[in-house]
Amino acid sequence: MGFADRRQAGQQLARRLAHLKSRHPVVLALPRGGVPVGFEIARALAAPLDLVLVRKIGAPGQPELAIGAVADGAHPELVTDPSLASWLAVAPEYLQAAKARELAEIERRRRLYFGDRAPVEVRRRTAILVDDGIATGATMRAALRATRRRAPAWLVLAVPVAAPDTLARFQGEADEIVCLETPAAFMAVGQFYRSFPQLEDDEVIALLRAAQEFIPPADGRGSAHG
């Protein structure tokens, strides 16, 4: 059980997604860890690779404890865990301030990764949303809902590994779910990879540039943000 690294995980996942190649899909990765996985899927399916920029919102005084996440788009999608936020007595003002702060970071990353290039158009297309794994699911839920707002014809959630109880809660959020492993003993995504380094921004940029060669001549990036 497990994977050598994110690239190998992406290659294995691509084989399970081969039936989608004829649908001319778009691969949307969550940075940074989802990008090497998505790169291999985009290569195998001859599909454009793009990003869904999502930022976790941490609890007050506990930044690693996710109480929600925000995804960019024409109408930024904020997803929270209401029970956790209530238990921690998180004020609405805190959530709004955190949302604004993370949207500013999303915009910084968009400029860094893409410059003035617009996202790939996903309207009426098959969109495959990819990450290196799902633990709590807050960021993926925000990403799925933000992508759904862009009106894809078919929305696919594809990950190498996920916590089984978390994955079960995504039924209804995606039209199709492809996950290679759902181990019962799940503590963190990294435990299922022999090599799981933190990716740097320049590595993400390099993979996005290299993936440009996978785009069919009639395809390309859209002309407006989704």
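The values are calculated or read from the model by the stated rules, or taken from the named source; none is laboratory data. Remember, it's a predicted structure, so these values are computed and weren't measured experimentally. Cβ coordinates were reconstructed from backbone atoms using ideal geometry, including for glycine residues, and neighbour counts include every protein chain displayed.
Where in region 53-172 are there helices (runs of 4 or more DSSP H), lying wholly inside it, with at least 3 residues that are charged (D, E, K, R) and either over 16 Å from the mean Cα position of the chain (by Cα) or surrounded by 18 or more Cβ atoms within 10 Å (Cβ to Cβ) (or both)? Talk me through it step by step, then tell me what you get.
Numbers: elements: 82-87, 92-114, 138-148, 164-168.
Because the criterion is at least 3 residues that are charged (D, E, K, R) and either over 16 Å from the mean Cα position of the chain (by Cα) or surrounded by 18 or more Cβ atoms within 10 Å (Cβ to Cβ) (or both), the helices (runs of 4 or more DSSP H) in region 53-172 that meet it are 92-114.
Only residues that are within 30 Å of Ala4 (Cα to Cα) and in contact with a Lys or Arg (Cβ under 7 Å, 6 or more places away or on another chain) were counted in region 102-119, giving 1. Taking the numbered list (1) in the same structural domain as Leu208 (by TED's automatic domain parsing); (2) more than 24 Å from Phe214 (Cα to Cα) in turn, Leu17 passes all entries but (2). The condition of being assigned by TED's automatic domain parsing to the domain that holds Ala153, more than 30 Å from Ile215 (Cβ to Cβ) and at pLDDT 85 or above holds for only one of Ala98, Ala135, that being Ala135.
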